[in-house]
Amino acid sequence: LPLGEKTRWGLVILTGASAFSTLMSVTLSSEPMWSAMFLVSMAWVEKSKRLNDPRLALAAGAMGALAYLTRVATLPLLIAAPAYFLFSKQRKSAGMFAAAMLPAVAGWMLWSRLHIPANADANLLSYISYGNDILGVPLADLPESLWNDLGHFANAIAGLMMPSPAGIPIIGKQIVYLTAFGCLAGAVRFGRERQWTAYHFFALLYIPIVF
């Protein structure tokens, strides 16, 4: 990313000081391994775009496939990275990335579809079928569900900047929404004033999944 050295070190310190990052680094969860593979894939996408190197795009797609097989939350990358290459008029790199990542996505979707347990509950289905969450919500309850999801989303963003912001007396919710809005506005401003990155494309597609 086009960030200065001080900015990069500041982000590293903020990440290291995050209670969530600390928790995930000492528990037997897939988040640290997934984060490493996902960030490597994103870094290779950026380098491939900068050098106009389709072979590196192929490697980035392969790493994205491994990240997807670790956590299906990587799914938007299958669209985001090729779209980013196409935005930069690098059609061959877009095709190479998609060709490397698509088999893993298609294979896992097919396998999981064929092996859904007959007694699968809503909690299990939420891990293997995002569509189930949407179809399972009555239309009358959809606005309330989206509003609640918006609150959780804003709290998750603010939680990266400070511990338990929603727990602050009286002004907790206001701090959460203002912090989340500031982060989103800053991301948009960064893209407009410097340059759009692959992560912008990924985030744009990932946010609807969070909801």
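Using a Förster radius of 22 Å, what is the FRET efficiency between Leu86 and Asn52 based on their Cβ-Cβ separation? Nearest 0.05, please.
It comes to 0.95.
I'd like the accessible area for Leu205, computed on protein heavy atoms only with a 1.4 Å probe and all protein chains in place. Round to 10 Å², please.
Number for this one is 60 Å².
What are the ³J(HN,Hα) couplings of segment 160-165, residue after residue, when phi is run through the Karplus curve with 6.51, -1.76, 1.60 and θ = phi - 60°? Round to Hz, x for glycine and proline.
Result, rounded to whole Hz: 6, 9, 7, x, 6, x.
Pairs Lys6/Lys89; Lys49/Lys92; Lys47/Lys89: which are spaced more than 22 Å apart, C-alpha to C-alpha?
From the list (Lys6/Lys89; Lys49/Lys92; Lys47/Lys89), the Cα-Cα distance tops 22 Å for Lys6/Lys89.
Want the number for Phe181 to His115: 0.36 nm per residue separation, take away the alpha-carbon distance, what's left?
Working: separation 66, 0.36 × 66 = 23.76 nm, distance 4.08 nm.
Extending this stretch completely gives an extra 19.7 nm.
Determine the distance separating the Cα centre of segment 43-73 from the Cα centre of segment 158-179; give it in Å without decimals.
35
The values are calculated or read from the model by the stated rules, or taken from the named source; none is laboratory data. It should be emphasised that the depicted structure is a prediction, and the values quoted were computed from it without experimental measurement. Heads up, the Cβs are rebuilt from the backbone with ideal geometry, glycines too, and the neighbour counts pull from every protein chain shown. The accessibility values were calculated without ligands, DNA or RNA, using every heavy atom of the protein model including side chains. Shrake-Rupley method; radii C 1.70, N 1.55, O 1.52, S 1.80 Å.
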